[in-house]
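First comes the structure, then the notes that go with it.
The values are calculated or read from the model by the stated rules, or taken from the named source; none is laboratory data. Source: prediction; values computed, not measured. Don't worry about glycine lacking a Cβ; one is built from the backbone with ideal geometry, like all the others, and counts go over all protein chains shown. We work out accessible area using only protein heavy atoms, side chains counted, and drop any ligands, DNA or RNA first. Shrake-Rupley method; radii C 1.70, N 1.55, O 1.52, S 1.80 Å.
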Amino acid sequence: MSGALEGKKALVTGGSRGIGAAIAQRLASDGADVAISHTNGGDSADRAAEVVAAIRGLGRKAKAYVADSGDMASVKTLVDDVAADFNGLDILVNNAGVFLAGEVGPEGLTPEDSVRQIDVNYGGVVAATRAAVAHLPKGGRIVTIGTNAATGRIGFNGLGEYVATKAAVTAYSRGAARDLAPRGITVNVVQLGAINTRMNPEDTEWGAQLGATIPAGRYGSPAEVAAVVAFLAGPESAYVTGTTINVDGGMDA
């Protein structure tokens, strides 16, 4: 526990599992009180409760909120509720997202899927950022989780619409960084390659094939992503804004 974030209040959207859960627990380990959001379905409530318990076990305040990241009004309510319950907000991590793939053409994504992906992956980030700006003080931090395919090689069929939403987020974050720099608020994007999660496990035949193509020779871990986010959320990153950092084992090198 570094204590670098002692006294800070953070919100991690989509923080009930995988990368989001790792980020939430790392921020707490570094001293922050942490709120997480999750959807209302499946085992997300149980997993969110586990993350909250882990954070409280570190001696930090924690609370889970149900929110629809594809509904801008719901996202605004989430941010405002967190700021009220935690008596402020210093760090926003836009991690919530959906991955919907389909090749271009009539057999690809449905119109409803396309709209949903845009609403969550882009609209949710915009809504959370807008709402957070009303609460963030000087020294505030906004970090968004993206994909290395947004600015590099896509590599696989069927990802055009997904990657487009992430490219939009990267462009938006650069613009937001310029707008917020005079207030001492930084805005950055962490672009991921192959990360070992329940949704994308490395211990499969496909994972072994993909891992062999990565210069580092393996998938990354959620903890490695969380370490980069923790740096961007901390005091030592005050002069880093409007940029993207790839956590991809050299895939886009």
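May I ask you to compute the full-extension gain from residue 53 to residue 240, defined as 0.36 nm times their residue separation minus their alpha-carbon distance, rounded to one decimal in nm?
64.1 nm
In region 185-233, what GluC sites (Glu not before Pro) fall in a loop by DSSP, with at most 13 other Cβ atoms inside 10 Å?
none
Calculate I(q)/I(0) for the chain by the Debye formula, one identical point scatterer on each C-alpha and no solvent, and give its log10 at q = 0.11, 0.16 Å⁻¹ to two decimals.
Taking Cα atoms of the chain as identical point scatterers yields -0.55, -1.20.
Just going by the charge dipole of region 72-212, with Lys and Arg at +1 and Asp and Glu at -1 on Cβ, which of 184, 95, 212 is farthest out on the positive end?
Going by the Cα projections, it comes out as 184.
Using a 1.4 Å probe, what is the accessible area per residue for region 110-253, in Å²?
Heavy-atom SASA per residue in region 110-253 reads 47 Å².
Tell me, what HN-Hα J-couplings in whole Hz come from the Karplus equation 6.51 cos²θ - 1.76 cosθ + 1.60 at θ = phi - 60° for each residue of region 9-26, using x for Gly and Pro?
Computed from phi, the couplings for region 9-26 are 10, 10, 10, 10, 6, x, x, 8, 7, x, 5, x, 5, 5, 5, 4, 6, 5 Hz.
Roughly how many percent of the accessible protein surface of region 207-253 is carbon and sulfur, given a 1.4 Å probe and a whole-percent answer?
Carbon and sulfur: 60 percent of the exposed surface of region 207-253.
From the phi angles alone, apply the Karplus equation (6.51, -1.76, 1.60; θ = phi - 60°) to region 55-62 and give each ³J(HN,Hα) in whole Hz, x where the residue is Gly or Pro.
Values, residue by residue: 5, 5, x, 8, x, 10, 6, 8 Hz.
Below 8 Å between Cα atoms, with a sequence gap of 6+, how large is the relative contact order for the chain in percent?
RCO, the chain: 19 percent.
What are the principal axis extents of the Cα atoms in region 154-253, in Å, biggest first?
49, 29, 25
Quick one: which residues, 5+ away or cross-chain, put their amide H under 5 Å from the amide H of residue 245? H built at 1.01 Å from N.
The list, which skips near neighbours in sequence, is 189, 190, 191.
How much accessible area per residue does region 11-74 have, counting only protein heavy atoms and a probe of 1.4 Å, in square angstrom?
On a per-residue basis, region 11-74 sits at 39 Å².
Skipping prolines and chain starts, which residues have an amide H placed within reach, meaning under 5 Å, of the one on residue 221, given they are 5 or more residues away or on another chain?
196
Given +1 on the Cβ of Lys and Arg, -1 on the Cβ of Asp and Glu, and no further charges, what dipole in debye does region 1-131 carry about its Cα centre, rounded to the nearest 20?
The calculation lands at about 580 debye.
Can you tell me, using C-alpha contacts under 8 Å and at least 6 residues apart, the relative contact order of region 83-129 as a whole percent?
40
To the nearest 20 debye, what is the magnitude of the charge dipole of region 163-253 about its Cα centre, counting +1 on the Cβ of each Lys and Arg and -1 on the Cβ of each Asp and Glu?
380
How much of the accessible area of region 25-181, in percent, comes from carbon and sulfur atoms when a 1.4 Å probe is used?
For region 25-181, the apolar C and S fraction of the accessible surface comes to 51 percent.
Give the total of Lys-Lys pairs in the chain with Cα-Cα distances below 14 Å; include a pair only if its members are 8 or more places apart or on different chains.
Taking the Cα cut-off of 14 Å, the pair count is 5.
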